[in-house]
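Here the structure is laid out as C-alpha cells; the discussion comes afterwards.
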Amino acid sequence: METSRIAAVLDLGNHVYDTTVKPYTGWSLTAIAAHLDSGSPVCLTALAGERLAGFVLGSMSFEQRGDWGHMEWIAVDPIHQGQGVAGRLVEACCEKLAEAGASSVVTDVAAENTASAKLMGRHGFTEGKAVSFYVREVEHPQG
Ligand SMILES: CC(C)(COP(=O)(O)OP(=O)(O)OC[C@H]1O[C@@H](n2cnc3c(N)ncnc32)[C@H](O)[C@@H]1OP(=O)(O)O)[C@@H](O)C(=O)NCCC(=O)NCCS
C-alpha cells in the first residue's frame, strides 16, 4: 500500500464501517498508522484504475502471540462488492503474513456481520473462542 493512498483508505473505512457498533469505533488514522508502523506490515490495496476499490490492513503479532498474523481491517467499496475483491485481498494478506512467519492468521468479525463471516468461512477461517462484547450503559441522575 502506497502512503499516498492513506486518505482514500481512511475515507472508505469511514464510509463502510458502522461506527455505531462499538468494536468498530477504533477506526481512525491511528488505526491505519499502527499497521503501517508495525515491524511487519501487510497493508494491501485493490485498485479499479486509479481509484481505491478495497483494502486490507494486517501485521504480525496478536496480543501476546508473536507468531500470529492479525488481519484487522478489510473493506471494499460498495460499488465493487460481490466481485471477489475481498476474497483476493484475504488470500494475498494471508500469503504475506505466512511469508512473514505467521503460524496462524486471526481476525475478528462482529456477530451481525454476515458478509464478513461468510467471507472468512470461504477462505479457510474457522470460529475460534467466542468473546462477546458486554456493554453496561451508565445512567446519569437528572439535575
Ligand atoms: C465484507 C466485505 C469486505 C466483503 O467484500 P466483497 O468484495 O463483497 O467480498 P467478495 O466479493 O470476496 O465475496 C462476497 C460475495 O461475492 C461473491 N463473489 C466472489 N467472486 C465473485 C465474482 N467474480 N462475481 C460475482 N460474485 C462473486 C462471493 O461468492 C460472495 O457471495 P456470497 O456472500 O453470496 O457467497 C464487504 O462487504 C465490506 O466492505 N463490508 C463493510 C466492511 C466490513 O464489514 N469489513 C469487515 C470487518 S473489518
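Residues in segment 102-143 that are more than 16 Å from the ligand (Cβ to nearest atom), assigned to a loop (DSSP other than H, G, I, E, B) and in contact (Cβ under 8 Å) with a residue 24 or more places away in the chain: 3 in all. Restricting attention to segment 28-57, the residues that are open to solvent by 20 Å² or more (accessible area, probe 1.4 Å) and not in a strand (DSSP E or B) add up to 12. How about segment 12-22: which of its residues are assigned to a helix (DSSP H, G or I) and exposed (fewer than 12 other Cβ atoms within 10 Å of the Cβ)? Those that are assigned to a helix (DSSP H, G or I) and exposed (fewer than 12 other Cβ atoms within 10 Å of the Cβ): His15, Lys22.
Scanning segment 1-27 for residues that are more than 13 Å from the ligand (Cβ to nearest atom) and touching a helix residue (DSSP H, G or I) at 6+ places or on another chain (Cβ under 8 Å) yields Met1, Thr3, Ile6, Leu10. The set of residues in segment 58-86 that are within 8 Å of the ligand (Cβ to nearest atom), open to solvent by 10 Å² or more (accessible area, probe 1.4 Å) and not acidic (Asp, Glu) comprises Trp73, Ile74, Val76, Pro78, His80, Gln81, Gly82, Gln83, Gly84, Val85, Ala86. Scanning segment 112-141 for residues being open to solvent by 80 Å² or more (accessible area, probe 1.4 Å), closer than 21 Å to Lys22 by Cα and touching a helix residue (DSSP H, G or I) at 6+ places or on another chain (Cβ under 8 Å) gives a total of 1. Restricting attention to segment 90-101 and to residues that are open to solvent by 10 Å² or more (accessible area, probe 1.4 Å) and in a helix (DSSP H, G or I), the residue that is nearest to the ligand (Cβ to nearest atom) turns out to be Glu91.
The values are calculated or read from the model by the stated rules, or taken from the named source; none is laboratory data. In this text, all values refer to a predicted model and were calculated from it rather than measured experimentally. Cβ sites come from the backbone with ideal geometry, for glycine too, and all protein chains shown count toward neighbours. SASA here: full protein model, heavy atoms, side chains in, ligands and nucleic acids out. Shrake-Rupley method; radii C 1.70, N 1.55, O 1.52, S 1.80 Å.
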